[in-house]
2 protein chains.
Amino acid sequence: MKALEWLGNTLRILNQTKLPVEIVYRDAVSYQDVAEAIENMEVRGAPAIGAAAAYGFALGALEYQGDRDGLSSFMELVQDRLEATRPTAVNLFWALRRMEDRFRECREIEDLSEVRRVLIEEADRIAEDDRRMNRLIGKYGNEIVPEKANILTHCNAGALATVEYGTALGVIRAAHEAGKGIHVYADETRPFLQGARLTTMELLRDKIPVTLIADSMAGYLMQQGKIDLVIVGADRIAANGDTANKIGTYSVAVLAHAHGIPFYVAAPTSTIDLKVASGQEIPIEQRPDDEMRECFGVQTAPAEVKVYNPAFDVTPAKYITGIITEKGIVVAPYSVNLLKLMVRS
Amino acid sequence: MKALEWLGNTLRILNQTKLPVEIVYRDAVSYQDVAEAIENMEVRGAPAIGAAAAYGFALGALEYQGDRDGLSSFMELVQDRLEATRPTAVNLFWALRRMEDRFRECREIEDLSEVRRVLIEEADRIAEDDRRMNRLIGKYGNEIVPEKANILTHCNAGALATVEYGTALGVIRAAHEAGKGIHVYADETRPFLQGARLTTMELLRDKIPVTLIADSMAGYLMQQGKIDLVIVGADRIAANGDTANKIGTYSVAVLAHAHGIPFYVAAPTSTIDLKVASGQEIPIEQRPDDEMRECFGVQTAPAEVKVYNPAFDVTPAKYITGIITEKGIVVAPYSVNLLKLMVRS
């Protein structure tokens, strides 16, 4: 079960809003299809959004009907549309910039089909890089996982949030594959239930022991000494280490800190945004109100009640024990060490 | 809309599991009916459970078909059944002990209908005491609510959790009635959604400004300085001030502490259990697994996933700024001050 699959001239997107009850795909044949799938959270998770947008960019070139001269201005529209889907995860902008750069390098190529081939190849490479990076994140992350650890995770930073294997769940998979006998507590992650719907499903399929909890139970588990380690993904990491991730991550981080429990972020370096000095500058997406008045399609609150529905929050670097990347684990002082990491080839 | 209404020989119980979408009542005519309604959380909230159980006890005497001699052993069965419904909220045991004491005082009364009259009268008095106590909790609690306060509450400690007016929501109602221009953030309160379904409904009906949030958003609001005060109810308060309340309360208390936000518990003295030295001795109910795999009746997680579903957690006294009771506000040192409060007439 893959979040994304490139079928030649179609991007098959697993519609994650229906899981685990229904398995439905969207076969995207246009950049608009891909943009809609990202907006509706059919595909979600920072690295998966990045890869989907890259293929969406390529689809834009595929569906273009005009002559070579008009392609550049059309591709600008494509990029603008894809960039406008979701504001927080930087991987979206990172992947689109990579596609844009590759497209610029094609300026001497007159043959449209050759340009298209190059763009598809670049999207494939972004996807392949993500697979490779997640395995490395798993390898490095495994080093900090104790034997028999009880690991808490929030949201879904798994195979479904990436092209394959996952970031936080990549670390968990690697520790499981290393025979460490770990056990995972999965936060349900309201309002979208990525933990209840996606993380538990992934772990059950891989036979990794998992227990589902409500978000509000994490503190009580920590109080009882039942959590050894927290690992979460990230949507954007600022130059100072402040990390935007799914709403509720900040609460988990404060609770972990209060209980002396290590709190790790697992993410590829494409999630690090050195242009953003601190978490205060990261734009936080507000999701539609109705998501908070229902639960998986069923009304759970008065239709007229006012709601607050931020999709993300920012965890200050001081609560983060380490950031696990494909280049190794970064610790404080993050301002220095993230910069060092990013210049390292 | 009342949680309970005594109709002479029937206890009309508002089935809160269906709110706010459907308004359904159970007309309980036997103690078994009442026990089932408590177990299924059709009636919930510590003070409401206490009052319901008291009426259930009276219903037991009403439905009894034998002679006067057999009544005592029957009433023991009634009491055992009602006590076995839910373990955490002490108001259940408190109300049943009050009924038991009253019943014992009837030992000289031969006339069964007179015994029944006395028991109904006692249940009425328990309900009336609850109404009165909640108004006093509101009056005392209002003193600590600043003008224009943004107040966070968890679960539903409102009119629906009591006979009338509420405890935490009693304080909120009193502050609103005093014209303080307050605004409430209501935690959704998974898995049973008492906040989303009940608290928002109550506050909307009273035109008290309310915004619904997911449990995981409370920390982020605090980080942004959007919460001035937390007020929650209680299911049992130990002699040292440790307080059992709806799962998630502990997390909110730790978060409030980390952000320097006052955290108050509002509860009648019937919630204080001096026989329990500390929170560690309070039994914590585990609810059925399926409550965590669904949301208001809709499947949200793989059917085979293991879950953890404690209904309550315990907030250590050190995180509690004050306990608002009908006799006034108690502050630390709780071991001394709760004892003083309880001996005060």
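The values are calculated or read from the model by the stated rules, or taken from the named source; none is laboratory data. On a predicted model such as this, the values are computed, not experimentally measured, just so you know. Don't worry about glycine lacking a Cβ; one is built from the backbone with ideal geometry, like all the others, and counts go over all protein chains shown. Surface accessibility is based on the protein's heavy atoms, side chains included, excluding ligands, DNA and RNA. Shrake-Rupley method; radii C 1.70, N 1.55, O 1.52, S 1.80 Å.
Assorted remarks:
- Any chance B:Val145 is in contact (Cβ under 8 Å) with a residue 24 or more places away in the chain, open to solvent by 10 Å² or more (accessible area, probe 1.4 Å) and β-branched (Val, Ile, Thr): no
- Matching residues, the range B:109-127, being free of Cβ contacts under 8 Å to residues at least 24 places away in the same chain and part of a helix (DSSP H, G or I): B:Ser113, B:Glu114, B:Arg117, B:Val118, B:Glu121, B:Arg125
- Pairs where the first residue, in the range B:234-251, is outside the structural domain of B:Thr153 (by TED's automatic domain parsing) and the second is of a type outside the set (S, T, N, Q), C-beta under 7 Å, 6+ apart: none
- Matching option when the condition is within 24 Å of A:His257 (Cβ to Cβ) and among the charged types (D, E, K, R), among B:Asp235, B:Asp206, B:Asp187: B:Asp187
- Qualifying residue in the range A:277-287 (condition: closer than 30 Å to B:Thr200 by Cα and surrounded by fewer than 14 Cβ atoms within 10 Å (Cβ to Cβ)): yes
- The residue list A:Cys155, A:Cys106 contains one member that is within 14 Å of the chain's Cα centre (by Cα) and either assigned by TED's automatic domain parsing to the domain that holds A:Gly70 or outside any helix (DSSP H, G or I) (or both), which is A:Cys155.
- Just one residue in the set B:Leu169, B:Leu160 is away from every other protein chain (no Cβ under 14 Å), touching a strand residue (DSSP E or B) at 6+ places or on another chain (Cβ under 8 Å) and not in a loop (DSSP other than H, G, I, E, B); that residue is B:Leu169.
- A:Met133 satisfies every condition listed in (1) within 20 Å of A:Arg236 (Cβ to Cβ); (2) open to solvent by 10 Å² or more (accessible area, probe 1.4 Å); (3) without any contact (Cβ under 8 Å) to a residue 60 or more places away in the chain except (3).
- Scope the range B:181-204; condition more than 10 Å from chain A (Cβ to nearest Cβ), of a type outside the set (Gly, Ala, Ser) and outside any helix (DSSP H, G or I); matching residues: B:Ile182, B:Val184
- A:Ile282 being within 15 Å of the chain's Cα centre (by Cα) and more than 9 Å from chain B (Cβ to nearest Cβ): no
- Considering residues of the range A:233-260 that are of a type in the set (A, V, I, L, M, F, W, C) and within 12 Å of chain B (Cβ to nearest Cβ) only, the residue farthest from the chain's Cα centre (by Cα): A:Ala258
- Just one residue in the set B:Ser345, B:Ser278 is at pLDDT below 95 and either polar (S, T, N, Q) or not assigned by TED's automatic domain parsing to the domain that holds B:Ala174 (or both); that residue is B:Ser345.
- Test: residue in the range A:217-228 that is away from chain B (no Cβ under 12 Å), over 30 Å from A:Ile182 (Cβ atoms) and at pLDDT 95 or above: no
- For the range A:294-345, a tally of residues being open to solvent by 40 Å² or more (accessible area, probe 1.4 Å) and at the interface with chain B (Cβ under 10 Å from one of its Cβ atoms) returns 7.
- B:Met99 meets each of the listed conditions (1) assigned to a loop (DSSP other than H, G, I, E, B); (2) open to solvent by less than 10 Å² (accessible area, probe 1.4 Å); (3) in contact (Cβ under 8 Å) with a residue 40 or more places away in the chain; (4) out of contact with any strand residue (DSSP E or B) (no Cβ under 7 Å at 6 or more places or on another chain) apart from (1).
- Some residue of the range A:258-275 being of a type in the set (D, E, K, R), crowded, with 16+ Cβ neighbours inside 10 Å and farther than 30 Å from B:Val21 by Cα: yes
- Restricting the first member to the range B:194-209 and to residues that are modelled with pLDDT of 95 or more, and the second to residues that are assigned to a helix (DSSP H, G or I), the beta-carbon pairs closer than 6 Å and six or more apart or on different chains are B:Leu198/B:Leu160; B:Glu202/B:Ala159; B:Ile208/B:His176.
- Within the range B:298-333, being under 19 Å from B:His257 (Cα atoms), touching an Asp or Glu at 6+ places or on another chain (Cβ under 8 Å) and not in a strand (DSSP E or B) holds for B:Pro316, B:Ala317.
- Among residues that are within 15 Å of A:Tyr264 (Cα to Cα), surrounded by fewer than 21 Cβ atoms within 10 Å (Cβ to Cβ) and within 14 Å of another protein chain (Cβ to nearest Cβ), A:Asn150 is included.
- The sole residue among A:Glu188, A:Glu281, A:Glu285, A:Glu202 that is more than 30 Å from B:Ala196 (Cβ to Cβ) and charged (D, E, K, R) is A:Glu281.
- A residue that is touching a helix residue (DSSP H, G or I) at 6+ places or on another chain (Cβ under 6 Å), part of a loop (DSSP other than H, G, I, E, B) and charged (D, E, K, R) occurs nowhere in the range B:131-149.
- Long-range neighbours under 8 Å by Cβ, at least six apart or interchain, first residue acidic (Asp, Glu) within the range A:316-328, second open to solvent by 10 Å² or more (accessible area, probe 1.4 Å): A:Glu326/A:Arg132; A:Glu326/A:Met133; A:Glu326/A:Leu136; A:Glu326/A:Tyr140; A:Glu326/A:Thr269
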